[in-house]
Each structure stands twice: as C-alpha cells, then as structure tokens.
Amino acid sequence: MRIKLIDNLLVTLIVSLFVVTTSCETGSKTIFLRDYITPEMQDDIMPAIRKAIDDCNRLKANKLVLPSGRFQVKGDYAFERYCFVTNNDEGMKRIAFDLSGMENVEIQGDNTQLDFVGYVVPFLLNYSNNIVISGVSIDYTTPFHSEAEIISIDDDFVDVHFDENEFPFEINHDCIYFTNKPTGYGNFNLMLEFDKEKREPSLGACDYWVDGTIKAERIENKNVRLYKSGLGGTPGNIFVFGCGHRLVPCFVISDCSNVLIENVNVYHTGGMAFVAQRSMNIELNKCNVTPSPNKNRIVSATADATHFANCGGYIRMIDCVFENQKDDATNIHGIYNQIVKVEYPDKLTVKLAHEAQFGFYYFKKGLNIEIVNNSNLITVEQNVVENVKIINKEYAEITLKEPVSADVEEGFVVAQTSYYPDVLVKGCTIRSNRARGLLLGSRGKIVIDSNYFHVPGSSIYFEGDGSYWFEQSGVRDVEITRNVFDNCGYGAPSWGKATIAVGSGIWKDKENSRYNRNIRVHDNVFRHFDPRIVNIYCVDGFDFYNNTLIKTTDYQYNQTEKRPFIANNCENINIK
C-alpha cells in the first residue's frame, strides 16, 4: 500500500510538472484541462476544473483550453461563495468555473458539452476583467422544472402524464412533489401551458399561480390527476410546472469589465442564463438559449435569457437565439432604492425594497443620483453621494453633498445617474418564450436592428417603476429598425397591450410625466393577427414611419381593442 501510494504521488507530480513546464516553456501561459482529467473522473471532472483554475491563478495563465467531447460536472468539489445576484435568489452557491478576480483570461472550448448535476452555477465572473469564454454548451442532467402532457380536462381536475425518467415525482399526503428538487423546493407554485406542436406558449396562455398543495392522485396508465377547477388546457399540450425559485443562474457577471461570451449554448439552467450587474462592456455573440436538440424538453432557462442591472459602457447581443425560456429575452434597467427616512439637512436612509435585489450595493462617494417621486416617476432633484454606510443587505445610510429639499418625502426612490450602457441588439432570434421580448430601460443609446420576434407578449417593452420591482428605466434615445415582428401578442393579456408598448409604473400625474423619450420605429415589418401595433403613454418623442404592416389570420384575436396606435399623455408623436 505504501509503494502504491508513492507511485500515485509520483505520477501526479510528473503530470503537474508536465503541465506547468509545457506552459512556461512555450511562453503562451496556456493550460489544457485535458491534462488534469484522469480516468477515475469519467463521472465528474470538477476536481480537474478546480485544479486547472487554481493553476491559472498561480501561473497567471491567460488561456484555459477545454477539450472537445461531453463531460459531467458535479458540485461535491466545486468552489463555494455566498452570492447576491440581481433578480435571482441569493445564497451559498456551488460554482464550477469561479473566475473571481481574474484578468486577461480566455476560456476556450472546442464544442465542449458540460452536463451539470445538481445545484451548480457553471460560471461566476466576480471583479473579473478582460474575459473571453467560447465554444461551450451547458446542460443539466435533471432539469429545475417539470413537464407533463395533458391527457384530459374536466371542470374540477386535469389528468396529466409525466416522463418519470426526465421529471421524477412522488405523491405524499395527496400532494405531488418533484423529487429532482432539494428539500423545501419540491412542490410548485406556477403552471403554464405550452402548445406541443408549435413548441410555444399556447394561444391565450396565462400563468396559473397555485400554492403547490393541489390535491393529486395516481390513476390508470401511470397518469396523475390534479384536482383544481378552472385550469383549462388542451389535451396533447404540455403543462410546465415551475417551483418559482431562481437558485442556479448559468453565467453570473458581477462588477466586471470587458467580457465577451461567444459561441455558447445554454440548453438549461435553474434561473437566468446570462445575468450581469454593475459591469461594463459586455458582449454576447452567437450565444443561444434554447432547449437541448437531443432532448424532448420544451423549456430552456427557467427565467430570463439575459438580464442587466446597473451596467455601463456597452451591452451587445449579436446573432443570438433566445427561445423557450420561462421569462423575457432581456431586461436592462437600473435599481431604485426606497427612501425610508429623511434626516435633514443631507442624510437619507434607503432600502432595497424588492427581495430579489437584496445585497445589491452600488452607492459610493462621488456617484450622481436622482431622487424620484415613486408615484409618477418624475425626478424631484439631483444630488451627489458624499458618504455611504451599509447597514445590512437591505438598508444603507447615504450622506449627500448638497442639502435635501423639503420636496423629498419618505417613499420616494433613489437611483444612480452617473452611467448607463449603450445597447445594441442585432441579428437575434427571439421566440416561443413566456412573456415579452426586450425590456429596455437604459438611458444610453439603444439600437434594435435586424432581429426576428415571435413572442406571446410585447416584443419591445418600456417598463420601470418605483413601487413594485423598483427597476429604474426611462429611455432617452432608441432606434428600432429593420426587424421582423411576426404574430406577437398571442399569449396572456398581461404580457403587453401591443407589439411595442409602455408598461411603466406611473399611477399619478400621467399628464405631467414624460418618463420615456425619443423613440424611433422605422423600416420594420409587422406581420400581425393582433391589430395593436403601438400602445404608449407618458412618452415625449415617438416617430413611427416607413414600416410595413401585413395582416394575418395565423392566430385568433380575442381582445376588444381594435385600434392599431394608442398614445395617451404623450407629446411629439409622429405616426405615418
């Protein structure tokens, strides 16, 4: 046993020396993951990934090359950090590729397929600069949602059938629990019907919010009967069951600069596919969020395909595909903090009012801010941060450079105004997902060019509010051109009132608020069964010209509104 142990140690040392020597002698500072993978790692290459990442840091390597082929990754030996990720669930995360603090590094895959097992975040970039990731596909052996085919519908129940190999479950105390979820998350709170043939949310589909305790029982032919009146649905279609938690985003980019992700597929993840916060200069090029072509799943990511909060510089999404995710293709916005206390002359106590934003710190000395009336989203005054005291993940005290005026009230909101990203979305395909297409909230220049949209809600949505999600928006310069909008708006009425719509949370003084400004829509094609093309309010500057409108009968329109263009409480509106 002693001789064998020594032999194994020598082999390990020789392999390590070979890797280091090869990298140093060539001067390339390149590390090859294949040199760390041993035969006993066929079920889990996480130990190899961890050793390679450690050596990248130790040797200041500038490239980690991943081998071609399919590899399984488990969380037993993964890195671990407590993470606050905007609009995803906070917590201690197991992480495969923890690139925290790394600079000038490229992760280069070669048609590398990584199959993750359990609750493992594939990539974390945290205070990382000049990072390139390419040539990788991400999937999970067991998904973070469940799917069942609708067998029959009754007024008081629905019968469904699960593929128990893909979506295992058990029934305890007359309730169904999905056993691919950890303790505490096994039940569900959301159901959504998908058209099996079209592989998209069904016509008029809406979210069925439930408490997860629907009575269930096994019946003949391995089917399950769920007792819930009013569910509706069409036999042959698919019910997707969601647990409502976003514990496992795929790519987390936090406090980074200059990140390029290209030729990457995200087939599944238990949260958002790409989420960035407080970061500068991010490009997604030929990145696809789509169900695996080798599986019969209908859902890709269980939340947004992409999401950006308080980012700056540029955001570019070029030649990407975002389809079948359980929420929007993107949401680009800032974060409002709610004022809970005003201490004159110059101090505010603020809180992160939505739990999905807890831990989202961004105030610092010298930051320009706006104080906004939360009811009408009108800016009350501008100021500059002089000092910040973080109390906990919810509350902070901010001392301002100038005295606060008497117009500032508790309940108003505060956001930064020092930077916003310029946004380019070009050549992308956005389709068959739940809800909307692009939620645009940057005050930089936004260009939406040559994309294809087929979504069940609004394709372009201008949101933002200071009372619920507390997401800062208010665009200033938007160009929407050369896109194809193909039969959008076939889903739930709550997902948007037109192909291009405003959904900002302005519930007072609409006649005075002009939250969104300077939007130009031209040279697009609208193929529409829904007559509602534009529905906007509180906008200053909207030009709609040289667009082609083609009426279709591909879907049945069931709403009462027939007007193609609606503009309320707006000015400088030109529609030709």
May I ask for the distance between the Cα centers of the stretch 248-283 and the stretch 58-79, given as a whole number of Å?
-> 17 Å
Got the relative contact order for the chain handy, in percent, Cα pairs under 8 Å and 6 or more residues apart?
-> 9 percent
Nearest-10 value in Å² for the accessible area of Ile391, using the 1.4 Å probe | 80 Å²
Spin-label point model (7 Å from Cα, Cβ direction): what's the Ile575 to Asn130 distance in nm?
-> 5.1 nm
Can you tell me the order of 157-166, 100-109 when each peptide is scored by its average per-residue count of other Cβ atoms within 10 angstrom, highest first?
-> 100-109, 157-166
When the charge dipole of the stretch 128-176 is computed with +1 on Lys and Arg Cβ and -1 on Asp and Glu Cβ about the Cα centre, the Cα farthest towards its positive end, among Ile133, Ile150, Pro168, belongs to Ile133
If the chain between Ser375 and Ser494 were fully stretched, how many nm would it gain, using 0.36 nm times the residue separation less the Cα-Cα distance?
-> 40.8 nm
List Trp495, Trp209, Trp469, ordered by accessible area with a 1.4 Å probe, largest first | Trp209, Trp469, Trp495
Could you pull the accessible area for Glu149 with a 1.4 Å probe, rounded to 10 Å²?
-> 60 Å²
Globularity index of the stretch 167-315, i.e. its alpha-carbon radius of gyration over 2.2 N^0.38 Å | 1.24
The list (1) 28.5; (2) 25.3; (3) 27.1 gives values of Kirkwood radius over Cα pairs in Å, and only one came from this structure; which label was calculated from it?
-> (2)
Label-point separation, Asp43 to Glu343 (7 Å along Cα→Cβ), nm | 5.7 nm
Length gain on complete extension for the stretch Thr417 to Thr179, per 0.36 nm per residue less the alpha carbon to alpha carbon distance?
-> 81.1 nm
Determine the dipole magnitude for the chain: charges of +1 sit on the beta-carbon of Lys and Arg, -1 on that of Asp and Glu, nothing else is charged, the reference point is the Cα centre, and the result goes in debye to the nearest 20.
-> 940 debye
Could you order Met317, Met92 by accessible surface area, starting with the largest, using a probe radius of 1.4 Å?
-> Met92, Met317
Under the 7 Å Cα-to-Cβ spin-label approximation, Ile550 and Asn57 lie apart by a distance in nanometres of 5.4 nm
Please find the FRET efficiency linking Arg81 to Glu149, where r is the Cβ-Cβ separation and R0 is fixed at 45 Å, and quote it to the nearest 0.05.
-> 0.70
Tally Lys and Arg at +1 and Asp and Glu at -1 over the other residues with C-beta under 9 Å from the C-beta of Ser128: what net charge comes out?
-> -2
Using a Förster distance of 45 angstrom, determine the FRET efficiency expected from the C-beta separation of Asn512 and Asn189, and round it to 0.05.
-> 0.70
Percent of beta bridges antiparallel (DSSP, the stretch 278-369, rounded to nearest 5) | 35 percent
With all protein chains present and a 1.4 Å probe, how do Asp155, Asp509 order by accessible area, largest first?
-> Asp155, Asp509
Please find the FRET efficiency linking Glu106 to Asn165, where r is the Cβ-Cβ separation and R0 is fixed at 45 Å, and quote it to the nearest 0.05.
-> 0.75
For the stretch 93-227, what size does the Cα cloud have along each of its three principal axes, sorted from largest down, in whole Å?
-> 60, 34, 25
Hey, if you put +1 on the Cβ of every Lys and Arg and -1 on every Asp and Glu Cβ in the stretch 345-445, which of Val384, Gly411, Ala353 ends up farthest toward the positive end of that dipole?
-> Ala353
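The values are calculated or read from the model by the stated rules, or taken from the named source; none is laboratory data. As the structure is a prediction and not an experimental result, all values here were calculated from the model. Reconstructed Cβ throughout: ideal geometry from the backbone, glycine too, with neighbour counts over all protein chains shown. What goes into the accessible areas is simple: the full protein's heavy atoms, side chains included, and nothing from ligands, DNA or RNA. Shrake-Rupley method; radii C 1.70, N 1.55, O 1.52, S 1.80 Å.
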